[in-house]
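This report refers to the structure that appears directly beneath it.
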Amino acid sequence: MATLSELTQHANSLKAAGRMDEAIAAFRAIVEIAPTNLAVMHNLAGALGDADRHKEAIDWAQRAINAGIQAPETWRVLGKALAGDERLEEAKQAFQRAIELRPNDAVVQKDYAQLIWMMTADRALALVKINSAIAAFPQDMELRMVRAQIIGQTGDARGEYEEILAFTKMGADFNLHLEMATLNAALAAGEFIAALRHARAAYAKEPHNPLIRQALCRSLLAVGEPLEALREIGRLRAQYPLDQLYIALQATAWRMLEDERYHAVFDYKRFVAGFPLACPPGWRSAEQYVDDLIEALDRHHHYKSHPFGQSVRNGSQLQSLNAHADPAIRAVTEAVRGPIQSYIDQLGVGTDPLRIRNRGGYRLFSIWSIALKSSGYHVDHVHPQGWLSSACHLRFPEPKTENDKSGWLKFGEPGIPTTPSLDPELFVRPQKGVMVVFPSYMWHGTAPFSAATTRLTIAGDSLPAQPI
């Protein structure tokens, strides 16, 4: 019979493979074997939270805490689940308890800062706890690194870069981790030559690390060296053919070189199309459903600002709509079925990176909602793990003039710096209830807008039904 450790290792391997339902079932089976084991309760709570089953995660995390566990990791699981369940004040208290137990836990500090930032849009408030921790642990480089990241994620790229540069004055070891952080901050701050220097130094240390190789490519494109970048990108594409970011980087280099291969990949006429949402069961019409969906999303967009590491700016993000308790929100999985399947039906097959994966069906990978306030926008980006991406406009500002494209969806402008810079190539005007579907590797974002209207959308990523 397998030991508890072996069973836990198996459950964790299922979780790491993304087989969340099987992982949760495995963790539940372990709980049946060891019902008083606090670590087992924690593991089940964590798996449930990772699967966006927030209420169940809250229940099991609280069971573990009530049974005597006082690990900051369990309070963090509870805090994340409470935030997912929209119990924000309770989530804040759970993160605070985790910080009390271990003030120099950089992971919890970042989670807490992100929650405060999203609730208040106030950088100073988001930094209070980590500033106190750094005062108590002044030599903790991980805390200082997280503080720099928070500064950058809240809109001050130059501040993040200068904060990281200050590490060298403190005698910090310029290890690989710091090298990578510095080059990414340098790119964001517009210091392209410095970024390339750090990228080459990191590459010399670990030439086979895909993240370092990707960073080197981005740095080369930033300084206007697409030919050198292409050599490394070609190797990455061969090694990771389904990674959408590498497809985007290769296409960007081709565009910089005016290579015709670019147009076969960024074929907007063939690969960008819009379709109306379908009417889910329980509604009389798609129009009625869209109106109900707008009302439901407005009730649940509680945050004032964006999460870290996402493309949205000056707006809020509501994750995992497919697991939401509100019937109108949860029904989006049925509403998007029509647009996505219609796109696939007309796509056809081919040898390009998009159509070569077309097997006639899809599985929804993730779906979320964005509410942008005035001056809000999406940073240009791609979805590395996707195949098809989509954006459906529900409410948006009307154009003020014939040429006004404020708040429109745009394609083609890279989300990385390039020399020379590259402009958008396609703008798509929003239409209520119409979902625009496109390849996940296409650079896309939104034009900023200034209006009293909140721009409300849903967006999602899909994978082929039969992955290859």
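Condition check ((1) assigned to a loop (DSSP other than H, G, I, E, B); (2) at pLDDT 95 or above) across all residues:
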{"residue": "262", "(1), (2)": "no, yes"}
{"residue": "278", "(1), (2)": "yes, yes"}
{"residue": "303", "(1), (2)": "yes, no"}
{"residue": "322", "(1), (2)": "no, no"}
{"residue": "339", "(1), (2)": "no, yes"}
{"residue": "345", "(1), (2)": "no, yes"}
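Identify, please: which residue in region 425-436 is assigned to a loop (DSSP other than H, G, I, E, B) and touching a residue at least 40 places away in the same chain (Cβ under 8 Å) and is, among those, nearest to residue 256 (Cα to Cα)?
The selected residue is 425.
Looking only at region 164-183, decide whether some residue is surrounded by fewer than 16 Cβ atoms within 10 Å (Cβ to Cβ) and at pLDDT 90 or above.
For region 164-183, residues surrounded by fewer than 16 Cβ atoms within 10 Å (Cβ to Cβ) and at pLDDT 90 or above: absent.
Quick one: in region 359-415, which of the residues that are β-branched (Val, Ile, Thr) and out of contact with any helix residue (DSSP H, G or I) (no Cβ under 7 Å at 6 or more places or on another chain) is surrounded by the fewest Cβ atoms within 10 Å (Cβ to Cβ)?
Filtering region 359-415 for residues that are β-branched (Val, Ile, Thr) and out of contact with any helix residue (DSSP H, G or I) (no Cβ under 7 Å at 6 or more places or on another chain), the one surrounded by the fewest Cβ atoms within 10 Å (Cβ to Cβ) comes out as 401.
Conditions first: (1) in contact (Cβ under 8 Å) with a residue 60 or more places away in the chain; (2) touching a Pro at 6+ places or on another chain (Cβ under 8 Å); (3) outside the structural domain of residue 442 (by TED's automatic domain parsing). Residue 255 passes all but one, so which condition is the exception?
(2)
Can you run down the residue pairs with Cβ atoms below 7 Å, 6 or more apart or on separate chains, where the first is in region 351-380 and assigned by TED's automatic domain parsing to the domain that holds residue 290 and the partner is charged (D, E, K, R)?
Final answer for the pair search is 365/461; 366/461; 372/455; 376/313; 376/455; 377/313; 379/313; 380/413.
Report yes if some residue within region 64-82 is surrounded by fewer than 19 Cβ atoms within 10 Å (Cβ to Cβ), within 26 Å of residue 368 (Cβ to Cβ) and out of contact with any His (no Cβ under 9 Å at 6 or more places or on another chain); otherwise report no.
Looking for residues that are surrounded by fewer than 19 Cβ atoms within 10 Å (Cβ to Cβ), within 26 Å of residue 368 (Cβ to Cβ) and out of contact with any His (no Cβ under 9 Å at 6 or more places or on another chain), one finds none in region 64-82, hence no.
The values are calculated or read from the model by the stated rules, or taken from the named source; none is laboratory data. Please read these numbers as outputs of a predicted model, since none were measured by experiment. Positions of Cβ are backbone-derived with ideal geometry, glycine not excepted, and every protein chain shown enters the neighbour counts.
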